[in-house]
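The values are calculated or read from the model by the stated rules, or taken from the named source; none is laboratory data. Keep in mind that what you see is a predicted model, and the values were worked out from it rather than measured. As a convention, Cβ positions derive from the backbone with ideal geometry for all residues, glycine included, and neighbour counts pool all protein chains shown.
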Amino acid sequence: MMGLEEFEGLSPREIAEKIESMEIRGAADIARAGAYALNRSVKEYPGDDLEGLKAELESCAEMLRSTRPTAVSLKNAIEYVMHTGAEDTQELKEKIKKNSSEFVEKSLQAGDDIAEYGGKRINDGDVILTHCNSSMALGAIKYAWDEGKEISVIATESRPKKQGYITVRELSDHGVPVTLIVDSAVRYKMEEVDKVYVGADTIASNGAVINKIGTSQVALCAHESRVPVSVCAETYKFSRETAFGDLVEIEERDASEIADPEEFPGVQISNPVFDATPSEYIDSIITEEGVISPGGAYRIIKEMER
Ligand code: RI2
């Protein structure tokens, strides 16, 4: 997980560019970076024109929202920070500052709680399979390891950006025995696996989990082998809009992340980077509010209103 010090000194535009290029990535990190960027955008606003400041804030929010369309964590962070009712510029600046640091604190605390709840559900001797690089899923795995459980991890490479490399380095640095596999080895390796732990970018009101492309295949293989799938996700990754019929946009990134298009003239290259895992393939969602079944997603969404 990135701390705020890593965004220190970056302008809102630089943060947006880093989110878009995935230098800042992971649904939790981009949410905290977004909260930081909004505070930065109002902090240095000169003068006391309230409407001008509001316009500045809205254009910063729009720039951030347009970077990565799938992770609702970023949109929810923006909404949390911008939930103000200020009468003058000073008050607006103070409220944005307060909301921004409150969001970051809550997000970090949620990470700690999820690590504990998720870690407690891992047994001594478990082999855990994880996909991509989720700070929430890895938090739970590290918690179990720190509790003295002799566990090991199988981590997918996670094409095309290979965030699995970050996962294996992170776990190995923590002392956790870890094996790297290509994404297509998941079904073959599933017979060795006791539990699947993954993160989420967005959770829909029907309990479907939108996470890195390939997660639904991992979950399908786990389901076939009766291996339970746990999703580690903070409540700000639940999408209120999906309760009112909105569909989650799946980000399509540049073809060059997969292959050089010039080497394949006449060939279309498609690079969707997320997919939706239906709720029937998910056993539990581990949130900071507690462990729920996917069927509890709607209740979490209703409780998000403030
Ligand atoms: P945490 C990532 O998205 C992965 O899909 C990962 O599973 C998810 O965010 C959640 O990560 P990307 O930014 O919030 O790599 O648990 O596309 O760290």
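Points worth noting:
- So Arg226, is it more than 13 Å from the ligand (Cβ to nearest atom), without any contact (Cβ under 8 Å) to a residue 40 or more places away in the chain, out of contact with any Ser or Thr (no Cβ under 9 Å at 6 or more places or on another chain) and assigned by TED's automatic domain parsing to the domain that holds Asp146: yes
- Of the helices (runs of 4 or more DSSP H) lying entirely inside segment 1-66, the ones with 3 or more residues being surrounded by 21 or more Cβ atoms within 10 Å (Cβ to Cβ) and away from the ligand (no atom under 16 Å from the Cβ) are found at 27-43, 50-65.
- The residues of segment 6-54 that are among the β-branched types (Val, Ile, Thr) and either within 18 Å of Met82 (Cα to Cα) or at pLDDT below 95 (or both), listed by number, are Ile15, Ile30, Val42.
- Any chance Tyr197 is under 30 Å from Asp260 (Cβ atoms) and among the aromatic types (Phe, Trp, Tyr): no
- Screening the candidates Gly245, Gly296, Gly199 for the property of being over 26 Å from Lys161 (Cβ atoms) and in contact (Cβ under 8 Å) with a residue 60 or more places away in the chain yields one hit, Gly296.
- Applying the criterion of being crowded, with 24+ Cβ neighbours inside 10 Å and assigned to a loop (DSSP other than H, G, I, E, B) to the residues of segment 118-132, the residue that is nearest to the ligand (Cβ to nearest atom) is Cys132.
- Selection of segment 136-170 for residues being crowded, with 22+ Cβ neighbours inside 10 Å and within 14 Å of the ligand (Cβ to nearest atom) yields Met136, Ala137, Leu138, Gly139, Ala140, Ile141, Ala155, Thr156, Ser158, Gly164, Thr167.
- Matching residues, segment 79-98, being in contact (Cβ under 8 Å) with a residue 12 or more places away in the chain, assigned to a helix (DSSP H, G or I) and under 25 Å from the mean Cα position of the chain (by Cα): Tyr80, Val81, Met82, Ile96, Lys97
- The numbered conditions (1) part of a strand (DSSP E or B); (2) in contact with a Cys (Cβ under 6 Å, 6 or more places away or on another chain) are all true for Val186 except (1).
- For segment 199-219, the candidate set comprises residues that are outside any loop (DSSP other than H, G, I, E, B) and within 15 Å of Pro294 (Cβ to Cβ); within that set, the residue that is nearest to the ligand (Cβ to nearest atom) is Asn211.
- Residue tally, condition part of a loop (DSSP other than H, G, I, E, B), more than 15 Å from Ala208 (Cβ to Cβ) and within 13 Å of the ligand (Cβ to nearest atom), over segment 229-282: 5
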